[in-house]
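Below is one structure, written out as structure tokens; the observations come after it.
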Amino acid sequence: MRKDKKQDLPSGGNYKLKASDRVFSVFNYLIFGIFTLICIYPFYYMIINTISSNELSAAGLVNFLPKGIHFENYKALMSLNGLGSAALVSIGKTVIGTVTTVLATAFLGYMFTQERMWKRKFWYRFVVVIMYFNAGLIPMFITMKTLGLTNTFWVYILPCIVQPFNIILVKTYIESLPKSLQEAAEIDGAGVFRRFWQIVLPVCTPILATVAIFAAVGQWNNYQDTLIYITDQKLYSLQYLLYTYINQASSLAAMVKNTGIQGLNAATLATQQTPTSIQMTVSVVVVLPILCIYPMFQRFFVKGIMIGSVKG
Amino acid sequence: MSEESNARSGHRNRAGAGAQEQAVHIGKSKFVGFKYFLWILPFLILVFLFSYFPLHGWIYSFYDYRPPRSLSQCEFVGLQWFKMLISNPTQVSQLLQVLKNTFAMSLLGIATSILPLFFAVFLNEIKCRKFKSFVQTFTTLPNFISWVLVFSVAFALFSANGMVNTFLQQIGFIDSPIRFLDSDSHTYLKMLLWNMWKSLGWGSIIYLASIAGIDQELYEAASIDGAGRFQKMFYITIPELLPTFFVMLMMAVSNFLNNGMDQYFVFQNSFNKEHIQVLDLYVYNIGMTGSSYSLATAISMLKSIVSIALLSLCNVVSKVTRGETIV
């Protein structure tokens with residue numbers, strides 16, 4: 001924070017405002033303002049359209065403020081097939097995936113700092129090297145099939161537990177801590193697990209928070225696992241379900257267009273769901289958790305990427 | 001901080017009492033070292049199962065694998081698939097188109113990879129802190145939503161009865177909706193723009209972090225020498241960021257063939273298929289939904305090998321020019 005204050009005066013602070021400077025500043029603010037709007041507006045647009053009258057929304061009249069507010073679209077989601085189970089799957093894999101990843105990352109990062117470990121350097125390389133190669137889609141699919149993991153919940157969790165990049169981050173972080181911290185506990189007779197739980201884990205909170213957020217966002221956003229390994233509808237994730245809804249909506253919209261009815265405004269009531277309204281409502285439901293946690297955790301992202309960038 | 005000092009004083013007080021135990025520890029260290037290994041063994045098994053074991057799947061590219069049958073029941077065809085890639089005319093033209101798409105998207109990505117740097121430099125020139133953090137917060141937001149949601153956004157705004165078409169029709173600019181999504185015009189450019197929308201703000205964070213680390217004395221010295229705002233930007237800030245840019249560039253080059261399929265899969269449809277299929281998506285299309293597991297495996301195997309070669313090359317370049325490796 002203190003560093004930021006210095007950054008307020010990026011160019012030394014004692015310069016005079018020249019005309020070119022002022023023109024530059026105006027453009028600078030303007031361009032950043034516009035780009036930021038472009039980043040926010042789509043989310044705003046979807047949110048106001050899901051709570052507006054579907055008739056007006058379909059006619060394209062809801063662009064800036066919600067009109068004819070109602071929540072029928074959200075109520076309608078309750079009766080939507082598969083949405084409940086998809087939400088459970090998504091929440092389940094996000095929570096379980098994040099907890100296991102964070103604990104494994106912390107534990108492995110910590111264990112790889114224990115110099116007494118048998119062939120430590122070899123095993124560390126064994127883990128880190130997997131960042132740089134990839135067997136490919138079909139071999140992965142065949143492997144999952146061989147292991148009996150296709151169409152199970154665990155296909156979402158098990159392959160993501162060990163994440164080498166995060167392990168490097170945590171290991172570097174632990175190595176930067178004063179050695180005396182662990183030595184003292186060891187002399188007090190604390191075993192390797194107690195040192196992990198009571199000393200290392202608490203001081204690693206900032207870096208683990210970063211790992212947790214990336215793991216959670218990754219789990220929540222991933223749709224490829226479902227696409228490739230899952231055919232059982234009960235195990236669909238929200239993202240994948242949303243993808244199928246959009247595709248249905250697009251084929252429906254295409255059908256409407258082909259039969260020559262212009263838009264959907266002709267026949268729909270204000271609160272009757274259209275494919276578009278359903279698709280947008282599901283989108284809002286899927287994006288809402290990210291929108292809610294994002295501002296709270298933004299500083300962790302920044303911190304995490306800074307630690308990562310120091311590492312190179 | 002206080003924990004640390006507590007631990008330190010604890011160390012000093014107990015050092016005498018603990019000396020004996022420590023000696024025992026050293027005596028046992030071989031055993032302890034092996035025990036440590038056993039604790040991480042489950043994770044090593046996971047690593048083996050999901051990263052090393054799948055490599056055995058590469059042998060499928062030497063067989064004519066038909067899924068319901070097991071591998072032993074399938075015919076061993078040797079290098080047939082690899083030969084087909086360079087001799088079968090339809091296959092060759094298809095693969096060339098896919099490679100062209102891959103190269104085009106990657107080159108566009110590399111050509112625009114300087115933009116996050118400028119984004120950071122110019123954002124740093126904004127003095128209103130609230131505005132600055134507002135911009136930073138909301139331009140990084142799209143990075144945290146999935147490509148499915150990006151497509152959902154694209155669909156809401158750009159489909160035939162989406163917001164943009166409806167608006168343009170209302171003001172009488174166009175008579176019939178423009179087909180933004182279901183057409184093959186400017187596919188590369190559209191994909192680039194979506195990618196930039198999603199990742200420009202996020203990409204700039206690493207540069208903003210580097211800017212925060214630049215020695216302020218440099219700016220002060222420059223001010224005394226009479227340097228203006230732009231001179232400082234171009235002679236101090238940007239040169240200081242170039243090493244970071246170089247690392248990012250090398251990473252982009254080493255990932256030249258790995259565009260991933262996330263983005264292209266969701267935007268793919270029967271209209272734009274010709275220009276949107278990058279290698280990763282092509283492998284999915286022919287492997288999981290199409291004709292041949294074995295051919296797809298052969299292609300992805302070649303891709304992996306070229307990628308590793310590229311990575312090693314970038315590593316060497318980095319070592320020669322900067323004295324530091326990137327991996």
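The values are calculated or read from the model by the stated rules, or taken from the named source; none is laboratory data. Predicted model, so just to flag it, every value in this text is computed and none were measured. Reconstructed Cβ throughout: ideal geometry from the backbone, glycine too, with neighbour counts over all protein chains shown. Ligands, DNA and RNA are stripped out before the accessible areas are found, and what is left, the full protein with its side chains, is counted by its heavy atoms. Shrake-Rupley method; radii C 1.70, N 1.55, O 1.52, S 1.80 Å.
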Q: Would you point out the residue of the stretch B:60-81, among those that are more than 10 Å from A:I142 (Cβ to Cβ) and assigned to a helix (DSSP H, G or I), that is farthest from the other protein chains (Cβ to nearest Cβ)?
A: B:Q80
Q. Exactly one of (1) hydrophobic (A, V, I, L, M, F, W, C); (2) within 14 Å of the chain's Cα centre (by Cα); (3) open to solvent by 30 Å² or more (accessible area, probe 1.4 Å) is unmet by B:L257. Its number?
A. (3)
Q) Which ones in the stretch A:128-155 are of a type in the set (F, W, Y) and within 9 Å of chain B (Cβ to nearest Cβ)? A) A:Y132, A:F133, A:F141
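Looking at A:T143, A:T152, can you tell me which residue is assigned by TED's automatic domain parsing to the domain that holds A:I91 and within 23 Å of the chain's Cα centre (by Cα)? Step through it out loud before you land on a result.
Values: A:T143 fails: within 23 Å of the chain's Cα centre (by Cα).
Sole residue among the options that is assigned by TED's automatic domain parsing to the domain that holds A:I91 and within 23 Å of the chain's Cα centre (by Cα): A:T152.
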Q | Criterion violated by B:I178 - all others in (1) in a loop (DSSP other than H, G, I, E, B); (2) open to solvent by less than 60 Å² (accessible area, probe 1.4 Å); (3) touching a residue at least 12 places away in the same chain (Cβ under 8 Å) satisfied | A | (2)
Q) Of B:I110, B:I114, B:I126, which residue is closer than 18 Å to B:I236 by Cα and open to solvent by 10 Å² or more (accessible area, probe 1.4 Å)? A) B:I114
Q: May I ask you to list the residues in the stretch B:297-324 that are more than 11 Å from chain A (Cβ to nearest Cβ) and more than 30 Å from B:H56 (Cα to Cα)?
A: B:V317, B:K319, B:V320, B:T321, B:G323
Q: Look through the stretch A:171-215, keep the residues that are at the interface with chain B (Cβ under 10 Å from one of its Cβ atoms) and closer than 30 Å to A:L235 by Cβ, and return whichever of them is most open to solvent (accessible area, probe 1.4 Å).
A: A:F214
Q. Here are some conditions: (1) out of contact with any helix residue (DSSP H, G or I) (no Cβ under 7 Å at 6 or more places or on another chain); (2) under 20 Å from B:V266 (Cα atoms); (3) open to solvent by less than 30 Å² (accessible area, probe 1.4 Å). B:L189 meets all but one. Which one does it not meet?
A. (3)
Q. Do you know which residues across the stretch B:255-268 are assigned to a helix (DSSP H, G or I) and facing chain A (nearest Cβ under 9 Å)?
A. B:D262, B:F265, B:V266
Q | In the stretch B:269-292, the residues that are open to solvent by less than 40 Å² (accessible area, probe 1.4 Å), touching a residue at least 60 places away in the same chain (Cβ under 8 Å) and not in a loop (DSSP other than H, G, I, E, B) | A | B:I276, B:L279, B:Y282
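From the list B:V327, B:V320, B:V316, which one is of a type in the set (A, V, I, L, M, F, W, C), open to solvent by 40 Å² or more (accessible area, probe 1.4 Å) and at pLDDT below 85? Reasoning before the result, please.
Values: B:V320 fails: at pLDDT below 85; B:V316 fails: at pLDDT below 85.
The conditions single out B:V327.
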Q: Could you grab me the full set of residues in the stretch B:138-169 that are more than 7 Å from chain A (Cβ to nearest Cβ), without any contact (Cβ under 8 Å) to a residue 40 or more places away in the chain and open to solvent by 10 Å² or more (accessible area, probe 1.4 Å)?
A: B:F158, B:V164, B:L168, B:Q169
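Could you pull out the residue among B:Q231, B:Q277 that is touching a helix residue (DSSP H, G or I) at 6+ places or on another chain (Cβ under 9 Å) and either under 27 Å from B:I205 (Cα atoms) or among the charged types (D, E, K, R) (or both)? I'd like the intermediate steps shown before the answer.
Working: B:Q277 fails: either under 27 Å from B:I205 (Cα atoms) or among the charged types (D, E, K, R) (or both).
One residue alone meets the criteria, B:Q231.
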Q | Filtered residue count, the stretch A:132-159, keeping only those that are in contact (Cβ under 8 Å) with a residue 40 or more places away in the chain and hydroxyl-bearing (S, T, Y) | A | 3
